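Everything on this sheet refers to the single structure shown next.
The values are calculated or read from the model by the stated rules, or taken from the named source; none is laboratory data. No experiment lies behind these values; they were computed from the predicted model shown. All Cβ positions, glycine included, derive from the backbone under ideal geometry; neighbour counts span all protein chains shown.
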Amino acid sequence: MLLETYSLQDEQQMLHDKFALLDELSGFQALTEYQQSLIKLSLYIQARAERGTDDASRTAVGITESIYQNNSEELAYIYAEGHLLLQSEEGIVPNPITRGYRDCQNAIVNWYCHASVYAIESQAKLSITPYTVPRAFFSNSKYQINNYDQIKDAVKASGYPSVVHIMFADLGSKYGEYNTNHSCLALGEDKDGNIIIWEKNGFQYPFNIKALNEVYEYYKMFRIWGVRPLRDPSDALGLNLSGQTN
């Protein structure tokens, strides 16, 4: 929700619509109550982070453009607190320590896609900073993707909820898990047959839900996609025994 058009009523309606869509998805209903609450809370935290109802929190929100389905859309991102502190020392922005929604904004800065999906999988406790991600989190079946229909079929075959990894090289390459460009969570199909995913766009960028074909349009230059069912939380936590993190 962009700052120029913010209103509490609009925010509440936006969240109501997103929560209603989530509640209709088979994969979302298959999650535990706690996992469901984490996803809904992420969207609420995102909305709070974008409010900008005071000068200090307003200057922490930037707007950039993102291309989905060949259409340009405005996308909010949050400036890191260290950056804001330097600017405040020069008198450019207000002191970010005093801003409203500081914790929400810092959480958006710190969390990223892989850690966010792993947090759902392992039923992590709430934190402003993300938990480490074990390398085994990225273990999955791999597909050489040539078009959207192939990734859609792979997700449907895996079932809901499923983890989707998008890679620029094979996981067995010298890059290991660092070749994984993005991870998101496929939660089911809406009434129009669109596969709906939940994701964190990356450091500083939003939590959101959107159609898988929008994600594909953005990441289609990466040819290796991995899809696997969401692990049981106890199995996901057991991955930490390796001690290897991303």
Inset, instruction - Go through region 26-35 residue by residue and tally those that are in a helix (DSSP H, G or I) and among the aliphatic types (A, V, I, L, M). - result: 1
Inset, instruction - Kindly list the number of the only condition in (1) acidic (Asp, Glu); (2) within 24 Å of GLU214 (Cβ to Cβ); (3) at pLDDT below 95; (4) touching a Lys or Arg at 6+ places or on another chain (Cβ under 8 Å) that fails for ASP54. - result: (2)
Inset, instruction - Among what's in region 192-246 and is assigned to a helix (DSSP H, G or I) and of a type in the set (A, V, I, L, M, F, W, C), pick the residue that is modelled with the lowest pLDDT. - result: LEU241
Legend entry - Failed item, numbered, when ILE67 is tested on (1) modelled with pLDDT of 95 or more; (2) among the aliphatic types (A, V, I, L, M); (3) not in a helix (DSSP H, G or I): (1)
Inset, instruction - Among the residues of region 132-170, write down those that are of a type in the set (A, V, I, L, M), crowded, with 18+ Cβ neighbours inside 10 Å and assigned to a helix (DSSP H, G or I). - result: ILE151, ALA154, VAL155
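Rundown of residues vs (1) farther than 15 Å from ARG223 by Cβ; (2) in contact with a strand residue (DSSP E or B) (Cβ under 6 Å, 6 or more places away or on another chain); (3) at pLDDT 85 or above; (4) hydrophobic (A, V, I, L, M, F, W, C), yes/no style:
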{"residue": "ALA136", "(1), (2), (3), (4)": "yes, no, no, yes"}
{"residue": "LYS142", "(1), (2), (3), (4)": "no, yes, no, no"}
{"residue": "TYR160", "(1), (2), (3), (4)": "yes, yes, yes, no"}
{"residue": "HIS165", "(1), (2), (3), (4)": "no, yes, yes, no"}
{"residue": "ASN179", "(1), (2), (3), (4)": "no, yes, no, no"}
{"residue": "ASP190", "(1), (2), (3), (4)": "yes, yes, yes, no"}
Inset, instruction - Consider ILE120 carefully, then state whether it is part of a helix (DSSP H, G or I) and in contact with a strand residue (DSSP E or B) (Cβ under 9 Å, 6 or more places away or on another chain). - result: yes
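Results for (1) surrounded by fewer than 18 Cβ atoms within 10 Å (Cβ to Cβ); (2) without any contact (Cβ under 8 Å) to a residue 12 or more places away in the chain; (3) not in a helix (DSSP H, G or I), shown as yes or no for each residue.
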site: SER37; (1), (2), (3): yes, yes, no
site: ILE63; (1), (2), (3): yes, no, yes
site: ALA76; (1), (2), (3): no, no, yes
site: GLY91; (1), (2), (3): yes, yes, yes
site: VAL109; (1), (2), (3): no, no, no
